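Working notes for the structure below.
Bear in mind these aren't lab numbers, they're just calculated from the coordinates by the rules spelled out. Worth saying up front: this structure is predicted, and the values here are computed from it rather than measured. Neighbour counts are summed over all protein chains in view; Cβ atoms, including those assigned to glycine, are modelled from backbone coordinates with ideal geometry.
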């Protein structure tokens, strides 16, 4: 078993946190300043696998750990990408796709495979047709060069040497999403119900990164009570909550969470064990 890490590059909602225009909702705690949902899986041989490509992608790639001073060159910048895991086709998870073109440029035109459910890939390809297709033509035009890689629920693929299993999840009336198991890591965002078959694929996790929007129920995301039910079902060794709304203030929640459960902040790094192919 090898040790990989996940970097939570964004743990906020589709609106971004905190929302402007509502001073009463503003937070002075930098831990509540959250980019749109996303992550990076980084392997021991320098592998880089992105989870989603939301509209804040350029900032996530430029400054993944949120420690750039805004003046000197950001030493932590991501300059290569072996693959993308797409959870679904909603705007806050895919509308930064155009920024992959700079990674293509840095990699001398090498294409980037994007793994996701066929339905989600189909929507993304229809929305951003210039991002997919002939690699040489795309690179010459300055467009992203992406190869869609359909991945059905329950399938396991070797991605950048990492064994990744796709699991189907319900997003309530918003459709369905894909969660991913990568060795000891489970990454589950934008879910409302977790089918039993999918839950069986997510037992014995080192680390569960789990959607938890707010205290009150929501039609398409887990609230805190529902998140606790998922945690109890899967019994991971550690859980990190993500995709949190502005209602979730770090100072208010950090002392109320049970043992083994913490809140994400942008730039959080967590190791996990992984089976490499």
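A few notes on this one:
- Theoretical gain in end-to-end length, residue 215 to residue 152 [0.36 nm per residue, Cα-Cα removed]: 19.5 nm
- Principal axis dimensions, largest first and in whole angstrom, of segment 38-116 by Cα: 36, 26, 23
- For segment 2-274, the alpha carbon convex hull comes to 133 Å³ per residue, rounded to a whole number.
- Relative contact order of segment 32-172, defined on C-alpha pairs under 8 angstrom at six or more residues apart (%): 20
- The distance from the alpha carbon centre of segment 29-86 to that of segment 258-277 is 15 Å, rounded to a whole number.
- Considering only 181, 251, 36, the mean-square fluctuation computed in a Gaussian network model of the chain, springs between alpha carbons under 10 angstrom, is largest for 251.
- Cβ crowding within 10 Å, taken as a proxy for footprinting-reagent exposure, orders 56, 69 from fewest neighbours to most as 69, 56.
- CD proxy at 222 nm, helix term only [per DSSP H run n ≥ 4: -39500 (n - 2.57); per residue of the chain; nearest 500]: -5000 deg cm²/dmol
- A crude spin-label estimate for the pair residue 110 and residue 33, with each label 7 Å from Cα along the Cβ direction, gives 3.3 nm.
- Relative contact order for segment 2-274, counting Cα pairs under 8 Å that sit 6 or more residues apart, in percent: 20
- Panel order for 158, 198, 153, by other beta carbons found within 10 Å of each beta carbon, from fewest to most: 158, 153, 198.
- Model label zone, residue 14; criterion: amide N under 14 Å from point 7 Å along Cα-to-beta-carbon; scope segment 21-51: 36-37
- Separation between Cα centres of segment 236-250 and segment 129-208, rounded to whole Å: 21
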